[in-house]
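Down below is the structure, laid out as structure tokens.
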Amino acid sequence: MSHASKAAEFNKDEAKVNWHDKALWYVREKRDKSAHNVQGWEYLRQLGSSIKANVLSNLDEYLVQFENNAKKNGVQVHWASNAEEHNNIINSILDKHHAKKVVKSKSMLTEECHLNPFLESKGIEVVDTDLGERIVQLAEEPPSHIVLPAIHKTKEDVDELFQEHLGTKPSGGNPEYLVAEARKHLRDKFLKADAAITGVNFAVADTGGVVVCTNEGNADMGVHLSKVHIACMGIEKIIPKEKHLGVFLRLLARSATGQPITTYSSHFNKASEGKEMHIVIVDNGRTEQLSREDFRASLHCIRCGACMNTCPIYRRSGGHSYDYTIPGPIGSILSPGKDLKKHSSLPFASTLCGSCSNVCPVKINIHEQLYKWRQVIVKEEKQPVIKKTILKTAGVVLSKPGLYNMAGKSARFMLKYAPKAMIYNKLNAWGKARDLPEVKNDNFDDWYKKRKKNG
Ligand code: SF4
């Protein structure tokens with residue numbers, strides 16, 4: 001299904017669309033206030049972008065430096081060229097330790113690699129410990145946002161879900177009660193876990209350590225209570241030096257939720273005594289994206305979610321309408337590189353207003369890349385005949401002023417006098433939910449000439 005068809009499903013529940021829109025806009029406003037409180041915010045963004053550009057140009061060197069330093073710390077480093085290798089590596093580590101119960105903190109990479117179903121098929125229980133992630137896991141749904149995975153669910157939905165899976169009492173969606181019950185449920189899982197899997201926000205080349213940011217402390221809890229820690233990272237998570245964390249940690253939390261700092265920014269450099277730490281470094285299509293000159297800057301992304309919160313399309317179509325691990329504007333420039341045919345509708349799910357690029361903390365030119373993908377897609381993918389015909393006709397009309405004026409006059413006449421059924425038809429997507437504006441007799445040109453004549 002295309003993005004438009006999935007969005008149409010989401011749009012059936014108007015009340016839900018409205019609160020989804022409002023909830024994300026609230027986060028966007030918090031981000032604005034928080035960013036405006038930092039002197040030199042634009043300078044920080046530029047710095048973040050430049051550091052990432054440097055990383056991408058020297059990725060081979062930084063990755064090897066990171067590996068060497070991590071090994072010096074006693075960490076076991078593994079390389080995976082794709083999702084399958086990533087999953088097999090993790091399974092073999094768990095197998096070696098006879099681990100049957102795993103706790104996992106939020107990691108979009110493991111979502112991308114479909115790690116949970118893979119491990120479950122091997123008889124391993126995987127429990128997502130981020131509250132939002134646990135909610136969508138219980139609902140058997142993918143996350144709909146990279147920072148707020150259950151943003152599409154109301155507290156009443158969560159109440160019902162917990163009653164069904166955790167045996168809680170009906171609370172009318174009382175958040176305090178639900179959080180306390182989730183805490184009890186997860187505490188038990190933490191205590192019984194054989195291994196902990198975490199994502200990685202930043203991998204520091206000059207120390208070989210990784211940094212994981214959470215608001216719930218669930219990554220720390222998992223790692224400290226288990227014998228084995230497996231950290232999974234994409235190759236683009238590298239930053240050259242520890243001092244660069246000062247730039248990225250300030251950008252990340254403010255852009256994601258408007259907080260000055262994430263509640264826990266946990267540094268994992270080596271395993272505690274008697275324990276093991278593994279890092280799995282994953283490519284899974286990233287070097288291919290790096291080789292696409294027009295799209296390589298998409299690898300700057302620090303997964304803050306700000307582009308989703310600001311996007312008028314995302315806010316009113318929901319994350320699941322994108323049908324890709326990373327939804328929203330950034331997902332729409334990452335996904336066509338993975339499967340052009342499957343995701344060819346995503347770069348069109350944008351008004352190209354540029355708001356995503358304006359809020360992006362690492363200055364990715366998101367809307368320009370969306371436009372670039374459109375150009376690639378119309379050349380490489382079959383387009384609907386109606387769309388092709390309309391665009392061809394528009395191209396001819398817009399390039400000939402005489403024809404344009406004539407078309408304008410006829411359109412104004414039609415809009416004024418033609419029967420409503422002729423105007424509000426299938427081709428008029430705008431008119432599905434609203435009336436067209438009142439038609440004036442003159443166009444801009446006529447109005448301008450008249451105005452000039454009258455002085
Ligand atoms: S593209 Fe930019 S705004 Fe969007 S998630 Fe990535 S870093 Fe954040």
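Given (1) within 20 Å of the chain's Cα centre (by Cα); (2) loosely packed, with under 15 Cβ neighbours inside 10 Å; (3) of a type in the set (Gly, Ala, Ser), identify the lone condition not met by residue 83.
Going through (1) within 20 Å of the chain's Cα centre (by Cα); (2) loosely packed, with under 15 Cβ neighbours inside 10 Å; (3) of a type in the set (Gly, Ala, Ser) one by one, residue 83 breaks only (2).
Within the stretch 263-275, does at least one residue satisfy the condition of being of a type in the set (Asp, Glu) and in contact with a helix residue (DSSP H, G or I) (Cβ under 8 Å, 6 or more places away or on another chain)?
no
Against the conditions (1) in a helix (DSSP H, G or I); (2) within 15 Å of the ligand (Cβ to nearest atom), where does residue 303 fall short? Just the number, please.
Result: residue 303 passes all but (1).
Could you list, in sequence order, the residues of the stretch 86-124 that are at pLDDT 95 or above, among the basic types (Lys, Arg) and either open to solvent by less than 60 Å² (accessible area, probe 1.4 Å) or under 22 Å from residue 325 (Cα atoms) (or both)?
104 - this is the single residue of the stretch 86-124 that is at pLDDT 95 or above, among the basic types (Lys, Arg) and either open to solvent by less than 60 Å² (accessible area, probe 1.4 Å) or under 22 Å from residue 325 (Cα atoms) (or both).
Please verify whether residue 127 is within 20 Å of residue 193 (Cβ to Cβ) and either within 16 Å of the ligand (Cβ to nearest atom) or assigned to a strand (DSSP E or B) (or both), treating the condition exactly as stated.
yes
Can you find even one residue in the stretch 186-199 that is modelled with pLDDT of 95 or more, within 19 Å of residue 139 (Cβ to Cβ) and open to solvent by 10 Å² or more (accessible area, probe 1.4 Å)?
There is at least one residue in the stretch 186-199 that is modelled with pLDDT of 95 or more, within 19 Å of residue 139 (Cβ to Cβ) and open to solvent by 10 Å² or more (accessible area, probe 1.4 Å).
Before we move on, is residue 270 open to solvent by 20 Å² or more (accessible area, probe 1.4 Å), outside the structural domain of residue 109 (by TED's automatic domain parsing) and either more than 10 Å from the ligand (Cβ to nearest atom) or hydroxyl-bearing (Ser, Thr, Tyr) (or both)?
It is false that residue 270 is open to solvent by 20 Å² or more (accessible area, probe 1.4 Å), outside the structural domain of residue 109 (by TED's automatic domain parsing) and either more than 10 Å from the ligand (Cβ to nearest atom) or hydroxyl-bearing (Ser, Thr, Tyr) (or both).
I'd like to know if the stretch 149-166 contains one or more residues that are within 16 Å of the ligand (Cβ to nearest atom), open to solvent by less than 40 Å² (accessible area, probe 1.4 Å) and either farther than 24 Å from residue 331 by Cβ or at pLDDT 95 or above (or both).
The answer is yes, given that some residue of the stretch 149-166 is within 16 Å of the ligand (Cβ to nearest atom), open to solvent by less than 40 Å² (accessible area, probe 1.4 Å) and either farther than 24 Å from residue 331 by Cβ or at pLDDT 95 or above (or both).
Taking the stretch 361-420 on its own, how many of its residues are more than 16 Å from the ligand (Cβ to nearest atom), part of a helix (DSSP H, G or I) and of a type in the set (D, E, K, R)?
10
What about residue 228, is it more than 21 Å from residue 29 (Cβ to Cβ), among the β-branched types (Val, Ile, Thr), away from the ligand (no atom under 16 Å from the Cβ) and crowded, with 23+ Cβ neighbours inside 10 Å?
So residue 228 fails the test.
Which one of 340, 334, 346 is more than 22 Å from residue 255 (Cα to Cα), within 16 Å of the ligand (Cβ to nearest atom) and aliphatic (A, V, I, L, M)?
So the residue among 340, 334, 346 that is more than 22 Å from residue 255 (Cα to Cα), within 16 Å of the ligand (Cβ to nearest atom) and aliphatic (A, V, I, L, M) is 346.
Take residue 64 and tell me if it is open to solvent by 10 Å² or more (accessible area, probe 1.4 Å) and either at pLDDT 95 or above or touching a Gly at 6+ places or on another chain (Cβ under 6 Å) (or both).
yes
Mind checking which residues of the stretch 349-358 are within 11 Å of the ligand (Cβ to nearest atom) and buried (at least 22 other Cβ atoms within 10 Å of the Cβ)?
Scanning the stretch 349-358 gives a single hit, 356.
Name the residue that is surrounded by the fewest Cβ atoms within 10 Å (Cβ to Cβ), counting only residues in the stretch 308-330 that are within 8 Å of the chain's Cα centre (by Cα) and near the ligand (Cβ under 9 Å from one of its atoms).
Taking the candidates together, the pick is 326.
Quick check on residue 21: is it open to solvent by less than 40 Å² (accessible area, probe 1.4 Å), farther than 29 Å from residue 296 by Cα and assigned by TED's automatic domain parsing to the domain that holds residue 313?
Yes; evaluated as a whole, the condition is true for this residue.
Among the numbered conditions (1) at pLDDT 95 or above; (2) surrounded by fewer than 22 Cβ atoms within 10 Å (Cβ to Cβ); (3) farther than 22 Å from residue 68 by Cα, tell me where residue 261 comes up short.
Exception for residue 261: condition (1).
Under 8 Å between Cβ atoms, which residue pairs at least 6 apart in sequence (or on different chains) link something in the stretch 344-368 that is farther than 27 Å from residue 1 by Cβ with a partner that is open to solvent by 30 Å² or more (accessible area, probe 1.4 Å) and more than 12 Å from the ligand (Cβ to nearest atom)?
357/368; 363/46
The values are calculated or read from the model by the stated rules, or taken from the named source; none is laboratory data. Here the structure is a predicted model, which means the values were calculated and not measured. Cβ sites come from the backbone with ideal geometry, for glycine too, and all protein chains shown count toward neighbours. These area figures cover heavy atoms from the full protein model, side chains too; ligands, DNA and RNA do not enter into them. Shrake-Rupley method; radii C 1.70, N 1.55, O 1.52, S 1.80 Å.
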